[in-house]
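Below is one structure, written out as C-alpha cells, with a few remarks after it.
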Amino acid sequence: MEIKKIAVLGAGQMGNGIAQVCAQAGYEVTMRDIAQKFLDSGMATIKKNLERGLKKGKITQEEVDAVLGRVKPVLEMKDAVKDADLIIEAIPEIVKLKLDTWNEVDKLAPQEAYLASNTSSISITQMAAATKRPEKFVGCHFFNPVPAMGLIEIIKGAATNDESVEVIKQLAKKLNKQTVIVNEAPGFAVNRLLVPAINEAIFAIQEGVTTVEDMDLSIKLGLNWPMGPL
C-alpha cells in the first residue's frame, strides 16, 4: 500500500516535528490535538523551523509555503484519521491516554490504515491490543528534535507483521532517516543504553566523583557526545 496521507496525533514537540518532516517529504498531513492553542503552537513551531532553513538557504519561500500548506491542523479525531493511510501517535506517555486514543482511532480510521506509536517506553503489544488490527500496529520512535535527528527505531510488537515494518522503513527512506528494527523490550534500543547512562551520571554526582559541569564536559569530549548526560 502506498502511503499518501498521514495523520499525526499530538502537536507538541514531537508531533509537530513529525508533521513537519512528513510534509517536507511531500505527504499530506493532518495534525490533531485537543485544543486550538496546542495546534497554533505546533504550527508556529513548524513555521519557525522552516523559516530558519530559509535564512540558511536550505529551502525556498515557495517550499516553505508548500510545506505549510500540506499540514492541516484539526481538533476532531474523525477529521484527522478518516482518510489517513498511516496514523502516527505522539501524545503524552500516559498508558491509559494512549489506550483510549487507539481504541477511538481504531473505530474511525480506514481498515487498511497502518497504526504507529512514537512512544519511547510503552509496550507496543499493549497498545496494539486496544485495536482490532494488532498486526498493523508498529512502534515508530523518532528522536528529538525530529527534523535534525537521523534515526527512527522500528519496534515490533507481538503481532506486528512484516508489511507494517516495511511501511515504516519506506517512510523513513522518504524522510532521509536511517532505521533500526527492535523487538519489544524495556527502553527498546537507544533508551536501553541512554537511561542507565544518565542514572550513572547522577549517581556519580551523588557520590562526589565530580561536578555536574565536569561530568557533562567529560562525556562531551571523552565520548564525543553532542551534549552531556545532565
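The values are calculated or read from the model by the stated rules, or taken from the named source; none is laboratory data. What you see is a predicted model, and the numbers here were worked out from it, not measured in a lab. Ideal geometry is used to build each Cβ from the backbone, glycine not excepted, and the neighbour counts take in all protein chains shown.
When I152, I181 are checked against the criterion of being farther than 19 Å from A90 by Cβ, part of a strand (DSSP E or B) and in contact (Cβ under 8 Å) with a residue 24 or more places away in the chain, a single residue qualifies: I181.
Between P196, P145, the distinction of being assigned to a loop (DSSP other than H, G, I, E, B) and not aromatic (F, W, Y) belongs to P145 only. Screening G42 against (1) outside any helix (DSSP H, G or I); (2) crowded, with 19+ Cβ neighbours inside 10 Å leaves a single unmet condition, (1). The number of residues in the stretch 117-132 that are assigned to a loop (DSSP other than H, G, I, E, B) and either over 23 Å from E2 (Cα atoms) or acidic (D, E) (or both) comes to 7. Taking the stretch 211-222 as the range and being without any contact (Cβ under 8 Å) to a residue 12 or more places away in the chain and either assigned by TED's automatic domain parsing to the domain that holds P145 or part of a helix (DSSP H, G or I) (or both) as the test, the residues that pass are E213, D214, L217, S218, K220, L221, G222. Screening G208, G228 for residues that are outside any helix (DSSP H, G or I) and without any contact (Cβ under 8 Å) to a residue 12 or more places away in the chain leaves exactly one candidate, G208. Checked against (1) among the hydrophobic types (A, V, I, L, M, F, W, C); (2) part of a helix (DSSP H, G or I); (3) within 18 Å of the chain's Cα centre (by Cα), V64 passes all but condition (3). Selection of first residues in the stretch 118-131 that are within 10 Å of I155 (Cβ to Cβ) and of second residues that are among the polar types (S, T, N, Q) and surrounded by 22 or more Cβ atoms within 10 Å (Cβ to Cβ), restricted to Cβ pairs under 9 Å at least 6 apart or on distinct chains, gives the following pairs, ordered by first then second residue: I124/S117; I124/T160; T125/T160. Exactly one condition in (1) out of contact with any His (no Cβ under 8 Å at 6 or more places or on another chain); (2) surrounded by 13 or more Cβ atoms within 10 Å (Cβ to Cβ) is false for N118; which is it? With respect to (1) out of contact with any His (no Cβ under 8 Å at 6 or more places or on another chain); (2) surrounded by 13 or more Cβ atoms within 10 Å (Cβ to Cβ), N118 is out only on (1). Condition check: among the charged types (D, E, K, R), loosely packed, with under 14 Cβ neighbours inside 10 Å, within 24 Å of A128 (Cα to Cα) and in the same structural domain as N118 (by TED's automatic domain parsing). Does E153 satisfy that? So E153 does not fit the description; no. Identify all residues within the stretch 178-193 that are among the hydrophobic types (A, V, I, L, M, F, W, C) and on the phi < 0 side of the Ramachandran plot; write none if there are none. Selection gives V180, I181, V182, A185, A189, V190, L193. Residue pairs whose Cβ atoms lie under 6 Å apart, separated by 6 or more positions or on different chains, with the first residue in the stretch 84-102 and over 12 Å from L115 (Cα atoms) and the second part of a strand (DSSP E or B), are I91/L9.
Please verify whether the stretch 133-140 includes one or more residues that are in a loop (DSSP other than H, G, I, E, B), under 29 Å from K48 (Cβ atoms) and more than 12 Å from the chain's Cα centre (by Cα). Within the stretch 133-140, not a single residue is in a loop (DSSP other than H, G, I, E, B), under 29 Å from K48 (Cβ atoms) and more than 12 Å from the chain's Cα centre (by Cα).
Being small (G, A, S) and either within 20 Å of I152 (Cβ to Cβ) or in contact with a strand residue (DSSP E or B) (Cβ under 7 Å, 6 or more places away or on another chain) (or both) is the filter here; which residues of the stretch 6-42 pass it? Scanning the stretch 6-42 gives A7, G10, A11, G12, G15, G17, A19, A23, A25, G26, G42.
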